[in-house]
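Below: one structure, written as structure tokens.
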Amino acid sequence: MADDILFLFNHDAPHQVAHIAGIARALIETGAPGQPITCATATPAIRARVETILGPDAAARVGWFDMALPAWLEATLALPNKVAPVRRLMRLRHHAVRINAARVVVSAERTCLSVRAPDGRARFAYVPHGAGDRMVSYHPEKGGFDLIMVSGHKTAREMVARGVAPAERLRVIGYPKFDTIDLSQSKKLFSNDNPVLVYNPHFDPLLSSWYDHGPALLDWFTQGEGQGYNLIFAPHIMLFAKKLHVSLEYRTARLRPGIDPRWRAAPNILIDTGSTALVDMTYTLAAQAYIGDVSSQVYEFLVRPRPLLFVDAFSHDPRSREGAYPAWRAGDVARDAAGLAALIPGAWARHATYRAVQEAIFDDTVSHQPGHPAVQRAADALLALAQAGPARRAADGAHA
């Protein structure tokens, strides 16, 4: 369906879906005057997740485009896809003509720019899948988008300061994912009333705490004082999608440690390495304290201020180009599992000293406008983009 607003769900995992699917729903619910909406999905599982967020009425009113590759090509890419995202890139190439036929293309990642037609009419809009502070959040290639819709003033300010894009191409919309979830929920996941912590390590082989410190941290919860706490092990969904993780950013690769059967057997440890609960805030809303490193899920956790604990696994590494993490000012930071474990018992007593900082960085990261949800603010911006003139090219390309 050409001349539409095309939402790209081009990933093998569902963690990006909630960041843009709610915007598609808002466009459908408001009528999107004269503007058809299409959802392009990579897999049946991704489509199912999109349909869940859209709801049956909106799902029946959007156009659907299947981005699956021919079976022979899927099989050919199976092995290399274990190391690099070759399937994602090939899907874009394979469907480049359809993508460029849209009036507006909406994506939660920058890879779609690789197939943008240099003389095409399609406009490309970007919504980050998270609100984190890693250097990749400000990658210069993101300047290739015609519209960048960010969750808060922090990201907009940094994108301008780093020369990624000019202010006129940025819109602060809030956090669309929040509009797709009941933020008041808090599921009881353990049979006891002991404090519940969620451990959410990232997948990056240089930045993540899992490779060198995570196993020892889970060991702590299986014995002695650690047994007085409940732990939800809820890593970034991509951590266990591969055994070998390669960071092109840092030109390093590492084998991911697996799950020790002792951890699964422990009654006070819940382990989830792949379900949709990793991406629908089930665990961040159920926990009473957060353990992490660089994942932007910390800002989802801070929708309700609670104790934060971090493992800094990389700041001392000369290869790191990351700056100081704003979230690390809002909680305790340790250098290893033993140091982190020592901080757990007093985390709740110390929370009062961090609460004001937590609220300040959350407000800077996520813009909230009562009565005007993020999905609607994004929908309004997309309609304005769709109704604008031909896509910009040469001058704006200086930011790419």
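The values are calculated or read from the model by the stated rules, or taken from the named source; none is laboratory data. Because the structure is predicted, anything quoted here is derived from the model rather than measured. Counting neighbours? That spans all protein chains shown, and the Cβs are built from the backbone with ideal geometry, glycine included. Only protein heavy atoms, including side chains, enter the accessible area calculation; ligands, DNA and RNA are left aside. Shrake-Rupley method; radii C 1.70, N 1.55, O 1.52, S 1.80 Å.
For the reader, a short list of remarks on this structure follows.
- V97 passes every criterion in (1) open to solvent by 40 Å² or more (accessible area, probe 1.4 Å); (2) touching a Leu at 6+ places or on another chain (Cβ under 7 Å); (3) among the aliphatic types (A, V, I, L, M); (4) under 27 Å from P36 (Cα atoms) apart from (2).
- Failed item, numbered, when D396 is tested on (1) open to solvent by 70 Å² or more (accessible area, probe 1.4 Å); (2) at pLDDT below 95: (1)
- Residue within the stretch 299-309 that is surrounded by 14 or more Cβ atoms within 10 Å (Cβ to Cβ), touching a Lys or Arg at 6+ places or on another chain (Cβ under 8 Å) and within 22 Å of G346 (Cα to Cα) present: yes
- Residue within the stretch 120-133 that is surrounded by fewer than 22 Cβ atoms within 10 Å (Cβ to Cβ), acidic (D, E) and touching a residue at least 12 places away in the same chain (Cβ under 8 Å) present: no
- Residues within the stretch 320-334 that are in a loop (DSSP other than H, G, I, E, B) and at pLDDT below 95, tallied: 6
- Restricting attention to the stretch 216-225, the residues that are surrounded by fewer than 16 Cβ atoms within 10 Å (Cβ to Cβ) and not acidic (D, E) add up to 3.
- Filtered residues of the stretch 223-273 (kept if small (G, A, S) and over 21 Å from Q185 (Cα atoms)): G224, G226, G228, A241, S247, A253, G258, A265, A266
- Taken over the stretch 31-42, the criterion of being crowded, with 19+ Cβ neighbours inside 10 Å and free of Cβ contacts under 8 Å to residues at least 60 places away in the same chain is satisfied by I37, C39, A40, T41, A42.
- Verdict on E74 being in contact (Cβ under 8 Å) with a residue 12 or more places away in the chain, out of contact with any strand residue (DSSP E or B) (no Cβ under 6 Å at 6 or more places or on another chain) and either under 28 Å from P235 (Cβ atoms) or of a type in the set (V, I, T) (or both): yes
- When restricted to residues that are over 21 Å from A265 (Cβ atoms) and either of a type in the set (V, I, T) or more than 20 Å from the chain's Cα centre (by Cα) (or both), the stretch 196-224 contains 3.
- So H316, is it over 24 Å from L183 (Cβ atoms), assigned to a strand (DSSP E or B) and in contact with a Lys or Arg (Cβ under 9 Å, 6 or more places away or on another chain): no
- Count of the stretch 145-158 residues, restricted to those that are part of a helix (DSSP H, G or I) and either within 23 Å of D280 (Cβ to Cβ) or not aliphatic (A, V, I, L, M) (or both), is 5.
- Residue within the stretch 129-144 that is modelled with pLDDT of 90 or more, in a loop (DSSP other than H, G, I, E, B) and in contact with a strand residue (DSSP E or B) (Cβ under 7 Å, 6 or more places away or on another chain) present: no
- Unique residue being assigned to a loop (DSSP other than H, G, I, E, B) and either exposed (fewer than 15 other Cβ atoms within 10 Å of the Cβ) or under 25 Å from the mean Cα position of the chain (by Cα) (or both) when the list is L113, L69: L69
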